[in-house]
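These notes concern the structure reproduced below.
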């Protein structure tokens with residue numbers, strides 16, 4: 001990555017905080033009096049200790065998120081670079097350090113250790129509505145908030161009509177903001193922030209504001225910002241929004257960088273976090289492989305077209321599941337099949353092997369690979385778990401039955417041809433088929 005093309009560079013970034021400790025109460029009058037006399041000095045030392053860490057080994061190996069007495073590492077050793085014009089998502093669970101990272105990049109709080117270099121004008125959308133004064137009207141707050149966010153008065157005046165039209169609060173523009181509903185206030189605040197024109201935009205979970213229609217408007221605006229060639233750092237728990245807007249994703253966990261890479265791949269791994277299965281399971285030792293009298297399971301794989309094994313799929317992609325097994329004794333009719341469950345444990349569907357070449361035909365001894373293809377735009381977004389089974393027919397006898405043998409994740413986007421289309425959130429339901437619609441219009 002060329003240094004001349006870098007918009008944001010972060011090296012070994014760390015941030016620690018000192019946590020408050022429970023006060024010890026005095027039981028005797030003399031102790032209470034002595035504590036009262038000492039309290040000014042004690043309070044000064046406590047205040048100073050919040051910002052000085054002379055007692056902390058900053059070069060130590062304590063993992064981020066771990067605390068020693070009153071010390072918490074919110075970030076530790078985070079490094080990455082963002083190219084000019086790149087839209088990068090930052091994901092992770094609550095307490096992962098995402099907001100702390102953005103506050104450091106926005107110069108709101110200094111790092112404890114490490115360095116950052118930013119090339120370009122920066123604007124931050126960290127807390128939508130910060131700076132609004134309840135006694136001022138919507139019109140006055142547009143100018144006030146625009147100034148706080150770094151816009152000149154001429155810029156606000158030039159974009160004023162666009163801001164008001166975007167927020168859809170024109171009717172209440174000269175009403176004090178304290179009489180606004182929470183949704184109206186948020187819409188106006190985001191409208192101001194969305195019309196900034198920085199070279200680098202830092203965004204923290206602002207697309208969860210307002211109703212569904214306004215969220216869609218926010219998504220469209222954010223896509224426009226990315227397409228204009230500006231650099232964007234985007235934090236969100238809305239994985240469809242992340243995969244739709246971002247080229248690349250950085251995954252944080254307990255203050256440390258887990259990994260970074262293409263948005264679909266990293267989001268897929270994040271969705272499968274904590275899952276105790278993978279996209280490929282193999283039994284190299286035949287003596288330990290699941291087996292019955294007539295068949296033995298050797299491998300189960302989740303594959304793409306072309307045969308690559310992976311556990312991460314875009315919603316439009318077909319998903320292949322392969323079962324490789326040995327027929328130990330020939331002459332039996334066999335029925336391989338899979339059961340697919342979602343992350344709530346709900347059975348999505350069962351698929352049986354109806355390959356016409358072997359349907360209702362006895363199979364000779366040998367090695368077989370049976371593959372089923374799940375078409376794109378069928379499964380809904382999220383993790384899915386595969387149960388692998390094989391039974392003989394006439395009589396029906398189970399040969400092997402493996403629950404959650406492999407897993408894979410479906411991630412969505414807002415491209416045409418998907419069930420969600422340009423809807424900003426995840427659709428509910430077990431499946432998400434892209435069905436054909438037809439609308440007839442007749443003028444009355």
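Before moving on, here are some points about what is shown:
- Extreme residue, modelled with the highest pLDDT, among residues of the range 108-132 that are farther than 20 Å from residue 235 by Cα and touching a helix residue (DSSP H, G or I) at 6+ places or on another chain (Cβ under 6 Å): 132
- Residues in the range 407-433 that are modelled with pLDDT of 75 or more, closer than 19 Å to residue 236 by Cβ and in contact with a strand residue (DSSP E or B) (Cβ under 8 Å, 6 or more places away or on another chain): 409, 410, 411, 412.
- Residue within the range 109-128 that is under 25 Å from residue 230 (Cβ atoms) and without any contact (Cβ under 8 Å) to a residue 24 or more places away in the chain present: no
- Number of positions in the range 310-346 that are in a strand (DSSP E or B) and surrounded by fewer than 16 Cβ atoms within 10 Å (Cβ to Cβ): 1
- The set of residues in the range 381-408 being over 14 Å from residue 321 (Cβ atoms) and in contact (Cβ under 8 Å) with a residue 60 or more places away in the chain consists of 381, 382, 383, 392, 393, 394, 397, 398, 399, 400, 401.
- Some residue of the range 350-373 being outside the structural domain of residue 244 (by TED's automatic domain parsing), assigned to a strand (DSSP E or B) and without any contact (Cβ under 8 Å) to a residue 12 or more places away in the chain: no
- The range 234-257, residues that are part of a strand (DSSP E or B) and out of contact with any helix residue (DSSP H, G or I) (no Cβ under 7 Å at 6 or more places or on another chain): 250, 253, 256, 257
- Hey, residue 411 within 23 Å of residue 316 (Cα to Cα) and in contact with a helix residue (DSSP H, G or I) (Cβ under 9 Å, 6 or more places away or on another chain) or not: yes
The values are calculated or read from the model by the stated rules, or taken from the named source; none is laboratory data. Because the structure is a prediction, the values reported are computed rather than measured. Methodologically, a virtual Cβ is constructed for each residue, glycine included, from the backbone with ideal geometry; neighbour enumeration extends over all protein chains shown.
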